[in-house]
């Protein structure tokens, strides 16, 4: 299988990358072997000019083969892989030819490192041209010499930013930051190459900016970089959870003062260690989970129909509706409907922060008070009050005005799509599209087919979600769908711990240290205690008592302690920021489990002993696991992998742990069984499903 | 017309078709009018017009693909939106193949857009035209003085330290004080009077007292306030959510609900100093931002497509008059128009005379009633007569609501057609404006097809 070929034209040699076994060029074993072979030929008779270009549209080199990294079992193996890649790049750099990388399309990771080994990069302006070093996002860092070569080209400040964020730059930005020698249009490629050749071989040396050579300045700079990077993860043990972050900064700081040979050696060694970590494997796994969702069959089937959606109508300008309206502006115009102009004003103000980098996108949203414009809507999404009567009325009105082929989607989190279809004139075009809060940020959407939803409609909805940059998971029309149903036992368990005397901050702290983006108690506040109550009772009706929330919870709701939206819940809030435990809380918890409290008072301790962190985590997560396995048994979702993906992308289950089921699959099975029993939970019949 | 048989009959048919076309308005909407530096301080004229067009195209059964042309009136003509009509059209999603151009007849630019659209349709050169007017007076630019521009360009061309130093000194000595384009735009260079000063001329010549002007202004505020309170403007005006705060706005910002004669009397005259000046900011139109957009076509097309007809544009007229007395423009234009159509002022069911200044409207009313004026200026004959005060500006006018100069002409036609539809059940309407530079514009509209 040929993946690259040489073409000679007088004294210019073109190394053309193209393959038919994969949709993109990747640095896999075949590529490395063939490149080594071709380099041997070139080294014998070096041409005046070497041009490396890709014949695959939209792609230069998409990166290294992730599966190879994922398959690595020990640090030495990974280190050798890195050394092999570094050697390839060095051989290109050492050729006496003027080397030019013509980058048209995605140039990521190892692909960019290969391009950096050339004297010149020419970036071709196109929607697909993106240059990035995204290795940090899968728990490693560049290992083919990128950590050494990039800073020489763009300076240390930009290099550290690019490597630590993994963010991509387009052709023009690459030129501005001197990553590319030139940015050109496709028709100008040949002229650009000639220009680069004219500039000749360029040896980039030295440290830019110069002041970084001074040790104190270097310390300050990297201390600042560390502070900025670790800010988001203050609650985690970052060395264990995301080891690549501190390791990469340490490596970069070291490399500033090192000579080439030592620098490359350190890079390879550091990569070796990181590639063998469980975090790396798990992040690659999560990446694949997301890709699998974006590229599932339903999305492929519905792609054409989804591309024809030019206009969306969203009903309800609350937090969810406004967020959904913003998401929909990705591909077209949006009408945001509501009955109240204050609500519309608040809704628009709320999504303003997403428009910071993209002011024009806000103009695509038209606020509507009079229900006009439905005739041109291709899709209608409702995010109004969770009340079936209200929704029926809305759909009745909407169906009168929309085209017969318009899709009708509901963002309901607790009502049944099939039930909604009962009163519809064209139920086959109705489906559920459930977003997560905040809609512009959370990548997951649950796609729900009602009894009467036509199969092509489901495909179109999944494809539309993918076009909007989301990961669609198809789930069954059962109460709570997938994610909320799994979330309820988790939250109920946390509340029960609270009732048994554990402190709210301790419970949430333990969960955040585990890696959850926020604790279960704070989550209840953010979602709204009234909504939790509503979902809890709804799920109880459907599935039984284990979803019921305690009585004192209901009393809190009655007394207006609704969480963030009312300023007080378990914690108090000021403009969205949590400002401490709500002093009224003890009066609700008092009087519960008095017998337990009396016995604790006998021992003489003030509030009962604090549970260990991992005991708290298991107490909360195991009920979630049990419920997840129940969902699998009932075919709410098709596969364990999709379930893991849903929890990572929907509620932020820590990606570095690979997923809920994956995490527990990593424990010895007996230990898992014991843990479950010790919580007083029933052993699920499909426990082995955690293996995927 | 002799010639080949087929050609003749086609030509004749075409001519008949053109003559028989009746211009209709099938939709229209306007933005709220925001005060100078008020609601719409952060929105440009392009933004305002795009807002109105988006609302209009969402409400109407006419598809944006069916537009043949876009014509928009605008006075300031911002430097960063050359041919603002085109910029607006592209921003609003009008297909690229639809041509667009901008028109300017000072305060009647919005009216000019409508009558140009009508003429295009009559000539058979278009079927459906999006026409209207927009102005952001808040965004009227500050300009550098001419000698500053010359000095700056000298500095740019100077070579060598000596020459640069000399050019720099020249620059420092040039006029640094910015020219306020808003004030310059409202001044007529041919007679060296600003609009307010021309109103003072009329106040003098027609003996209109300060008190009369204030009373007229109070009525404007009270009428506008009442109309808004009963929801009369709800459909005409779109709800806006202007950046950066997205706070919803609907009511025209300039209306003072509790306006009183005392408050008005406290204001000082600005165009001619006291004690002899009478025109104050309280009895003048307000400096405002806003947009009004309408869809014009001909009756046959509207009926074939099933589009709702808001009303008919029968005829229009622009005339020139003395720039120093530009406020009388409406008299000349209306007189010519009504005479041509052989129809009297008494037959008008509703009239809108733009309230550029209270005194200017009052002067027009006096002139219309005056026999000597008729003999002196209108070619003799009986005086044309003033409109019945109960039919004139019944829902308030520019004194209360504002006068975004490029928009008003279009707004008056829209509101007049709605009055005929909602209030009088049809009949005749006359919209007329005075125009800086000494012109008058008038449009005759109606609720039904014309019956001679």
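Read-outs throughout are calculated quantities, based only on the coordinates presented, and are distinct from any laboratory measurement. Computed from a predicted model, the values in this text were never measured in an experiment. Positions of Cβ are generated from backbone atoms using ideal geometry, with glycine treated the same way; all protein chains shown enter the neighbour counts.
Working note: 222 nm ellipticity from helices only, DSSP H runs with n ≥ 4, each -39,500 (n - 2.57), summed and divided by the residues of the protein assembly as shown, gives -13500 deg cm²/dmol to the nearest 500.
Remind me, relative contact order of chain A in percent, using alpha carbon pairs under 8 angstrom and six or more residues apart?
Working: 1252 pairs, mean separation 64.1, N = 692.
Result for chain A is 9 percent.
If you average the sequence gap of Cα pairs under 8 Å that are 6 or more apart and divide by the length of segment A:218-303, what percent do you get for the contact order?
For segment A:218-303, the relative contact order is 23 percent.
Between the beta carbons of residue B:180 and residue B:347, assuming R0 = 45 Å, the FRET efficiency works out to 0.55 to the nearest 0.05. Relative to one another, the C-alpha centroids of segment A:486-553 and segment A:1-32 are positioned 55 Å apart.
How much FRET efficiency would the formula 1/(1 + (r/R0)^6) give for residue A:342 and residue A:256, where r is the Cβ-Cβ distance and R0 is 45 Å, rounded to 0.05? E(calc), rounded to 0.05, equals 0.25.
If you take the Cα centroid of segment A:193-256 and the Cα centroid of segment B:352-392, the two points sit 80 Å apart. Computed from the Cα positions only, the extents of segment A:1-72 along the three principal axes stand at 41, 26, 18 Å, in decreasing order. Whole angstrom only: what separates the Cα centroid of segment A:286-323 from the Cα centroid of segment B:160-203? Cα centres, segment A:286-323 to segment B:160-203: 57 Å. Taken over segment B:288-376, the convex hull of the Cα atoms encloses 150 Å³ per residue. At a temperature of 25 °C and a viscosity of 0.890 mPa s, determine how fast segment A:63-139 diffuses translationally according to Stokes-Einstein, using the Kirkwood radius over alpha-carbon pairs as Rh; express D in µm²/s, rounded to the nearest whole number. Rounded to a whole number, D works out at 180 µm²/s. Taking each residue as 0.36 nm, the span from residue A:37 to residue A:219 lengthens on full extension beyond its C-alpha to C-alpha distance by 61.2 nm. On the beta carbon distance between residue A:392 and residue A:2, with R0 = 51 Å, the FRET formula returns roughly 0.25.
Its convex hull of Cα atoms gives the protein assembly as shown a direction-averaged projected area, equal to a quarter of the hull surface, of 61.8 nm². Kirkwood analysis of segment B:296-452, using all unique Cα-Cα pairs, places the hydrodynamic radius at 15.8 Å.
Among beta bridges identified by DSSP and lying wholly in chain B, the antiparallel ones come to about 70 percent. A simple spin-label model places pseudo-atoms 7 Å from Cα toward Cβ; at residue B:273 and residue B:421 they are separated by 5.2 nm. With contacts taken as Cα pairs under 8 Å and at least 6 residues apart, chain B reaches a relative contact order of 25 percent. Quarter the surface of the alpha carbon convex hull of segment A:4-276 and you get the mean projected area, 14.1 square nanometres. Summarised in one figure, the compactness ratio Rg/Rh of segment A:480-692, Cα atoms and Kirkwood Rh, is 0.96. Note on segment A:308-476: Kirkwood radius taken over Cα pairs, Stokes-Einstein applied at 20 °C and 1.002 mPa s, translational D equal to 138 µm² s⁻¹. Counting only the Cα atoms, segment B:168-325 fills a convex hull of 263 Å³ per residue.
Pairwise alpha-carbon distances in segment B:136-234 exceed 17 Å for 73% of all pairs. Full extension of the chain between residue A:361 and residue A:441 gives 27.2 nm of extra length, using 0.36 nm per residue less the Cα-Cα distance. The alpha carbons of chain B stretch over 80, 54, 52 Å along the principal axes, in descending order.
With 0.36 nm allotted per residue and the present C-alpha distance subtracted, the residue A:581-residue A:172 stretch has 142.3 nm of extension available. Put simply, the convex hull of the Cα atoms in segment A:220-335 casts, on average, a shadow of 12.1 nm².
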